[in-house]
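**Q** Quick one: this structure, given as structure tokens, is what I'll be asking you about.
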Amino acid sequence: MGFSIALISPQIAPNTGNIARLAGATDTVLHLIEPLGFRIDDTELKRAGLDFWDSVDIWIHPFWNAFRSAVARDRCLYFSAKGTRSYLEAPYEPNSVLVFGSETEGMPKRILEKHPDRIFRIPMRPEVRCLNLATAVGIVLYEALRKTDLSIDRHLEPFTAAMTAKEEEA
């Protein structure tokens, strides 16, 4: 079992399309939690995902509680600019669900209040309010892959083994 990405009420079709492409490229499940700020057949969404749509395992949940019923709570790690701990400290497991809020509203307040010990942030300069959602998802997902030694290319060695071998050669 691999990682999952969950987007709470994503609003910008090209961001979601880019995240879908990332999900397809890394064999990651994508959960979209409605309401969405676009239609799933939106041209910009399809264009951003290009020809990767067939390789994306995508689940659409009509509301938050439907997602909560489908995914165990202890698998979820939440990422928000309002978090106090770095995403580098997150306890990634190979079946973790990486949850992100919407581009316009961020992580819902009820989640921030209910799960403060599972909220993480990507450090950035204080005058920068937040990162683009697709960029943030990419940063976190690749850190999770690195930290758990999951290789996205079945023909390559796990990340740390390959890095250790290169260091020993040098």
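**Q** How do the pairs read when you match residues in the stretch 80-92 that are under 16 Å from Asn132 (Cα atoms) and at pLDDT 95 or above with residues anywhere that are in a loop (DSSP other than H, G, I, E, B) and not basic (Lys, Arg), using Cβ under 7 Å and keeping only pairs 6 or more apart or on different chains?
**A** Partner pairs satisfying both residue conditions: Ser80/Gly101; Ser80/Met107; Tyr87/Ile122.
**Q** Suppose we keep only residues that are assigned to a helix (DSSP H, G or I) and among the aliphatic types (A, V, I, L, M) within the stretch 17-37. Which one would you say is surrounded by the fewest Cβ atoms within 10 Å (Cβ to Cβ)? Quick ask: steps written out before the conclusion?
**A** Within the stretch 17-37, the subset assigned to a helix (DSSP H, G or I) is 17-26.
In the following step, the residues that additionally are among the aliphatic types (A, V, I, L, M) were identified as 19-20, 22-23, 25.
On the way: Ile19: 27, Ala20: 26, Leu22: 20, Ala23: 25, Ala25: 14.
Residue satisfying both the conditions and the ranking: Ala25.
**Q** Are any residues in the stretch 70-109 among the polar types (S, T, N, Q) and in contact with a Pro (Cβ under 9 Å, 6 or more places away or on another chain), and if so, which ones?
**A** Step one: list which residues in the stretch 70-109 are among the polar types (S, T, N, Q), which gives 80, 84, 86, 95-96, 102, 104.
If the condition is that a residue be among the polar types (S, T, N, Q) and in contact with a Pro (Cβ under 9 Å, 6 or more places away or on another chain), then Thr84, Ser86, Ser102 are the ones that fit.
The values are calculated or read from the model by the stated rules, or taken from the named source; none is laboratory data. Please read all numbers here as calculations on a predicted model, not as lab measurements. With ideal geometry, Cβ positions are generated from the backbone for all residues, glycine too; neighbour counts draw on all protein chains shown.
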